[in-house]
Amino acid sequence: VVRAAEGWTDLVVTPERGVRVVDGLLTGLHEPEASHLLMLRAVAGRAAVDRAYEEALRGPYLWHEFGDVHLLLPEEGTHRARCDGN
């Protein structure tokens, strides 16, 4: 169940924490050390993110704020296994 709320949080989305209500994510390409990658891996898994970045390095993709955007989707069934305890 999703409920509207307001305020601040110190929540950091990581693969260990998982996500509950995100079915996919449109995102740009960030440096390999960026903490943003933890959120991407929480949504799509490390393998999918690694494949996307390998392809971006092979192709003429643009990086950072004005770069190309890609869609990351989780592998089917991965959300429940990671999020049941949240």
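Condition test on residue 54, is it assigned to a helix (DSSP H, G or I) and either under 9 Å from the mean Cα position of the chain (by Cα) or not small (Gly, Ala, Ser) (or both)? The answer is yes for residue 54. I'd like the full set of residues that are touching a His at 6+ places or on another chain (Cβ under 7 Å), assigned to a helix (DSSP H, G or I) and surrounded by fewer than 18 Cβ atoms within 10 Å (Cβ to Cβ), limited to the stretch 1-50. Residue satisfying the conditions is 36 alone.
Throughout, read-outs are computed from the coordinates displayed, never taken from laboratory work. Predicted model, so just to flag it, every value in this text is computed and none were measured. Neighbour counts run over all protein chains shown; Cβ positions are idealised from the backbone, glycine included.
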